[in-house]
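The values are calculated or read from the model by the stated rules, or taken from the named source; none is laboratory data. Here the structure is a predicted model, which means the values were calculated and not measured. We place every Cβ from the backbone using ideal geometry, glycine too, and count neighbours over all the protein chains shown. When the accessible area is computed, the model is the full protein with side chains, heavy atoms only, and any ligands, DNA or RNA have been set aside. Shrake-Rupley method; radii C 1.70, N 1.55, O 1.52, S 1.80 Å.
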Amino acid sequence: MDPRNSEKTKALAKRVAFSTIGIVIISLGTTICRIGGVGVDPFTAMNIGISGFLGLSLGIYQLAVNIALLVLVFIFGRKQIGIGTIINMVAVGFLIDFFTWLLTSMLPLDGSIFQAGVCLVIGVGLFTFGVSTYMNTDTGVAPYDAVALIIADRTPAPYTPARMAQDILVAAIAFFVGGPIGVFTVISAFFTGPLITFWNDHATIPMLKHAGAYAHS
């Protein structure tokens with residue numbers, strides 16, 4: 001085997017591994033916010049609400065929605081698709097189901113304001129760290145995350161307002177279908193950018209560069 005191909009294979013394997021770790025951390029952070037009663041991100045909130053109405057598990061319903069979105073992404077922005085896309089769209093819903101079962105069976109949840117605050121801080125920290133880790137491996141983005149990127153590529157609309165409009169619309173749908181809307185939903189829709197930038201600068205990019213898994217190094 002050509003040594004250069006071997007190095008490329010190793011680098012890709014590292015990127016996929018860190019992308020997967022980031023996706024697991026995203027799911028754990030989302031779950032902590034969910035069980036703390038402070039809401040979840042808009043897309044998950046919408047899917048929890050609709051899946052509950054239909055009597056389906058979150059994992060099954062979210063996978064079906066992601067497959068439908070993936071078809072649109074393949075048509076309009078296939079460059080956004082990678083192995084990380086598949087891992088994200090298949091794993092996140094099932095991981096949230098699993099972590100919800102695990103944490104609710106292990107932790108003494110009392111519904112107090114103090115507990116909600118702790119869950120919010122830990123959940124937001126993990127969620128944004130996970131997003132930062134997963135995005136900086138450049139192994140493809142989740143179908144939902146690709147929507148605003150495609151809009152920004154194909155229209156005059158900049159990415160940030162396109163993503164905010166997308167999240168606000170989905171959060172409104174989540175509200176009407178009884179999804180778990182809370183403080184974290186608002187933070188996720190409006191304020192995660194600066195936290196992700198913080199993790200990029202002070203943790204994930206240095207960590208990925210050190211590990212040889214940073215996509216842009």
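Residue by residue, here is whether (1) under 21 Å from Leu28 (Cα atoms); (2) under 19 Å from the mean Cα position of the chain (by Cα) holds:
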residue: Phe127; (1), (2): yes, yes
residue: Ser132; (1), (2): yes, yes
residue: Met135; (1), (2): yes, yes
residue: Gly140; (1), (2): yes, yes
residue: Leu149; (1), (2): no, yes
residue: Arg154; (1), (2): no, no
residue: Leu169; (1), (2): no, yes
residue: Gly178; (1), (2): no, no
residue: Val183; (1), (2): yes, yes
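In summary, Ile86 fulfils each of the numbered conditions (1) surrounded by fewer than 18 Cβ atoms within 10 Å (Cβ to Cβ); (2) over 21 Å from Val177 (Cα atoms); (3) over 18 Å from the mean Cα position of the chain (by Cα) with the single exception of condition (3).
Rundown of residues vs (1) open to solvent by 70 Å² or more (accessible area, probe 1.4 Å); (2) touching a Cys at 6+ places or on another chain (Cβ under 6 Å); (3) acidic (Asp, Glu), yes/no style:
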position	(1), (2), (3)
Thr185	no, no, no
Pro194	yes, no, no
Phe198	yes, no, no
Asp201	yes, no, yes
Pro206	no, no, no
His210	yes, no, no
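Total residues in the stretch 127-155 satisfying the condition of being part of a helix (DSSP H, G or I), of a type in the set (A, V, I, L, M) and open to solvent by 10 Å² or more (accessible area, probe 1.4 Å): the figure is 7.
Residue-wise test of (1) outside any helix (DSSP H, G or I); (2) touching a His at 6+ places or on another chain (Cβ under 6 Å); (3) of a type in the set (Lys, Arg); (4) in contact (Cβ under 8 Å) with a residue 40 or more places away in the chain.
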site	(1), (2), (3), (4)
Ala165	no, no, no, no
Val170	no, no, no, yes
Gly178	yes, no, no, yes
Ile181	yes, no, no, yes
Phe184	no, no, no, yes
Trp199	no, no, no, yes
His202	no, no, no, no
Pro206	no, no, no, no
Lys209	no, no, yes, no
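A residue that is farther than 29 Å from Thr9 by Cα, among the β-branched types (Val, Ile, Thr) and touching a helix residue (DSSP H, G or I) at 6+ places or on another chain (Cβ under 9 Å) can be found somewhere in the stretch 77-97.
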